[in-house]
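Quick notes on the structure that follows.
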Amino acid sequence: MADKNSFIQSWCTIQNNKIDLNGETIFESEPAIGFADFAKAAYRNFGWSYPKFFKMDSLSKLAFIAAELLLKDETSSETENDIALVFSNKSSSMDTDVTFQESIATKENYYPSPAVFVYTLPNICMGEISIRHNLKSENSFFIFEKFNPGFLSNYTDVLLSTNRAEKVLCAWVDFYKETYRANFYLVNSTEGLEHNETTIKTLFNT
Amino acid sequence: MKLNSVFINATNCITPLGLDVETNIRNISNGVSGIRLHKNQVYAEQPFYASIIEDDLIEEAFSSISASVEYTRLEKMMILALMPVIKKSNPVFDEKTILIVSTTKGNITQLNTISETSVQSADLSLMAKKIASFFGFTTEPVIVSNACVSGILSLAVAKRLIQSEGCNQAFVVAGDEFSKFVLSGFNCFQAVSDEPCQPYSVNRKGVTLGEAAAAACVSANGQNALAEIAGDGAINDANHISGPSRTGEGLFRSVERAMQEAEVKAEEIDYINAHGTATSFNDEMEAIAFNRSRLGNVPLNSLKGYYGHTLGASGLLETVIGIESLNSGKLYSSIGFDEMGLSQPLNIITQNEDKELNYLLKTASGFGGCNTAVLFKKTK
């Protein structure tokens with residue numbers, strides 16, 4: 001299949017209240033603070049202005065931060081940006097599923113909210129990023145037991161070699177009850193680190 | 001680069017209209033719908049319309065293939081859907097044979113009582129693993145969970161993986177169950193109809209929910225194939241997370257991409273099996289997108305009037321039925337439709353008719369701004 005070379009141009013990890021961009025730590029909060037406060041502190045630290053961020057659930061916030069760091073110099077809201085999204089995780093939208101289920105659990109306590117229900121789908125975080133970066137492009141969300149660089153690299157190469165996108169933003173983005181991890185990387189066809197399973201495993205230490 | 005052609009070799013479905021394709025087609029051709037009025041306080045205070053499979057039918061069918069009690073109701077539906085497809089295909093379960101599981105909410109009913117155990121049993125990879133080991137797959141299952149396009153997207157994913165030589169044969173199973181979770185969710189969006197759903201009608205009031213499982217075998221082997229997967233696209237609206245684009249942007253682009261890949265012009269498409277959920281916004285958006293692609297006069301139906309909205313199963317289920325139409329040349333009435341309720345023309349099929357068909361376009365759209373279009377070509 002690989003009649004077109006592909007390269008990783010940048011990458012980002014977020015875990016344990018720490019953000020690494022291209023191998024360097026760029027933001028950290030005390031391990032003791034919760035994800036909501038960490039996310040807010042990161043947003044303020046980078047000086048972003050996107051009020052919708054505060055309406056998102058934790059999974060979307062996590063994805064938003066990582067995508068923002070990799071795409072902010074790549075995309076412009078005035079032009080179209082042909083970057084496909086290939087995202088994956090283990091916990092689907094379970095963190096928000098549990099919140100929604102609690103809201104419908106009893107007759108006495110029945111208060112379902114559309115603002116919660118819409119986040120009971122893992123692909124919503126891709127929708128948020130598509131809106132933010134004007135990505136009218138290919139996107140698919142996969143679930144695996146654990147981060148699966150072999151599958152992601154193969155599927156990404158399919159998208160690039162069949163000209164479905166100029167670049168692909170790949171992600172593992174998992175959030176359940178304060179345990180979270182984001183592994184994001186941007187793949188292109190021109191320059192960077194060689195894009196393959198081994199490189200991905202090295203970058204994300206898996 | 002010339003890519004391999006990819007085909008659908010076998011299909012099956014488990015629905016309120018039958019536990020095999022033949023029975024489903026017989027019921028559809030007779031205008032039978034699975035939608036009924038249900039009065040069940042477990043799901044809702046008020047009576048509601050839904051298309052639900054009787055528990056006894058699933059239990060009875062499953063007990064004839066396995067005595068195991070470890071499977072959830074949805075897993076049983078999905079295993080039952082896959083069983084004849086796998087039997088017919090008789091695969092070698094090596095590293096090039098994969099299982100693709102497509103679902104929107106999976107075992108969400110396990111959360112009815114919230115505990116760490118129930119959260120674990122609602123885990124999607126656990127569900128996929130149970131199904132994979134039931135049949136003896138040796139590869140890790142691929143799970144596609146992309147809202148209401150999951151079922152049709154999983155066929156596009158299967159095609160792409162086969163063309164990349166990531167696998168030789170993909171078994172795709174899609175399933176979603178009726179649940180209080182989803183009913184409450186659509187209700188709080190005020191998106192559930194208090195009558196059986198009426199796709200594209202001026203009288204449409206929203207969705208009717210349903211449940212189903214469907215399965216297909218996909219490979220590069222065109223011998224005795226049911227259809228070729230000729231082109232596909234899955235492009236986001238980048239517009240809104242809980243409503244479709246008013247210009248139908250993502251759906252339009254997905255359709256254009258599928259046609260371009262298949263090297264098919266709009267006038268060559270004979271039949272559109274659309275999403276048609278019967279919400280005000282979705283159906284209108286489809287009319288706009290199809291007219292932008294000059295498909296406004298192509299015969300079109302939504303099968304939601306027969307099955308309700310079966311979420312992640314719908315794209316695959318409706319493809320299974322659509323492919324039957326493609327091969328038999330029988331187009332089925334889009335039941336629930338009466339008077340046109342769109343700003344632009346669509347050629348809604350109002351009674352069963354016979355027509356020579358060569359190309360079928362299947363589409364779906366969902367929350368998160370996702371869309372998928374897949375073009376199927378007759379091979380028989």
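Derivation of every value follows stated rules applied to the coordinates shown; laboratory data play no part. Just so it is clear, the model here is predicted, and its values are computed rather than measured. Cβ atoms come from the backbone with ideal geometry, glycine included; neighbour counts cover every protein chain shown.
The slack between B:N297 and B:E116, meaning 0.36 nm per residue of separation minus the straight C-alpha distance, is 59.9 nm. From the Cα gyration tensor of segment B:112-161, with a ≥ b ≥ c the square roots of its eigenvalues, which class applies: rounded if a/c is under 1.5, or else prolate if a/b is larger than b/c, or else oblate? Oblate. Comparing Cα centroids, segment B:11-68 and segment B:223-279 end up 28 angstrom apart. Inter-chain neighbour count for A:112-120: the average number of beta-carbon atoms from partner chains within 10 Å of each residue's beta-carbon is 6.
Cross-link pairs exceeding 28 Å between alpha carbons, from the set A:K107/B:K39; A:K18/A:K55; A:K61/A:K146; A:K4/B:K362; B:K87/B:K180: A:K4/B:K362; B:K87/B:K180.
Note on B:V32 and A:E80: their simple-model spin labels are 4.6 nm apart, each label 7 Å out from Cα toward Cβ. With the biggest extent put first, the Cα atoms of segment B:49-194 measure 45, 34, 31 Å across the principal axes.
For segment B:331-337, putting each phi into the Karplus relation 6.51 cos²θ - 1.76 cosθ + 1.60 with θ = phi - 60° gives couplings of 9, 9, 4, 7, 5, x, 7 Hz, in residue order, rounded to whole numbers and with x for Gly and Pro. Only Cα pairs under 8 Å and 6+ residues apart enter the sum, and on that basis the relative contact order of segment A:1-160 stands at 26 percent. A straight line joining the Cα centroids of segment B:81-108 and segment A:4-48 runs 38 Å.
Residues B:V320, B:V32 in ascending order of nearby Cβ atoms (within 10 Å, fewest first): B:V32, B:V320. Once the Cβ-Cβ distance between A:N45 and A:E166 is put in as r, and R0 is 22 Å, what FRET efficiency do you end up with, to the nearest 0.05? It comes to 0.15. Relative protection proxy for B:162-170, B:40-48, B:310-318, B:84-92, from highest mean packing down: B:310-318, B:162-170, B:84-92, B:40-48 (other beta-carbon atoms within 10 angstrom). Each of B:T279, B:G296, B:F252 was scored by the projection of its Cα onto the charge dipole of segment B:233-304, and the greatest displacement toward the positive side belongs to B:T279; charges sit on the C-beta of Lys, Arg, Asp and Glu. Peptide A:94-100 has a mean of 4 when you count, residue by residue, the C-beta atoms of other protein chains within 10 Å of its C-beta. Taking every residue in B:179-186 and counting other chain Cβ atoms within 10 Å of its Cβ, the average works out to 5.
The order of B:H309, A:H133, B:H240, going from fewest to most other C-beta atoms within 10 Å of their C-beta, is B:H240, A:H133, B:H309. Ordering B:M285, B:M259 by the number of other Cβ atoms within 10 Å of each residue's own Cβ, fewest first, gives B:M259, B:M285.
Over 26 Å, how big is the tail of the calculated P(r) for chain A, in percent of all Cα pairs? So the pairs more than 26 Å apart make up 32 percent of the total in chain A. For the protein assembly as shown, the calculated P(r) over all alpha carbon pairs, in 10 Å bins from 0 to the bin holding the longest distance, is 4, 19, 31, 28, 15, 4, 0 percent. Taking amide H as placed 1.01 Å from N in the peptide plane, the amide H of B:A230 sits under 5 Å from that of B:L375, B:F376, B:K377, each at least 5 places away or on another chain. Relative contact order of segment B:341-380, taken over Cα pairs closer than 8 Å and 6 or more residues apart, is 33 percent. The calculated 222 nm mean residue ellipticity attributable to helices in chain A amounts to -9500 deg cm²/dmol, summing -39500 (n - 2.57) over DSSP H runs of n ≥ 4 and dividing by all residues. Our note on the geometry: Cα centres of segment A:156-180 and segment B:139-157, 14 Å apart.
Here the dipole of the protein assembly as shown is about 300 debye; that uses its Cα centre as origin and unit charges on the Cβ of Lys and Arg (positive) and Asp and Glu (negative). Working from Cα pairs under 8 Å separated by at least six residues, relative contact order for chain B is 24 percent.
Can you spot the aspartates and glutamates whose alpha carbon is less than 19 Å from B:K88's alpha carbon? Ignore those fewer than 8 places along the same chain. Within the straight-line limit of under 19 Å, B:K88 reaches these aspartates and glutamates: B:D20, B:E22, B:E228, B:E324. The alpha carbon convex hull volume per residue for chain B rounds to 128 Å³. Annotation: amide H-H contacts under 5 Å for A:N81 (H modelled 1.01 Å from N, sequence separation of 5 or more, or interchain): A:K136. Taking a sphere under 13 Å around the Cβ of A:S49 and counting the other residues whose Cβ falls inside, with K and R at +1 and D and E at -1, yields a net charge of +3.
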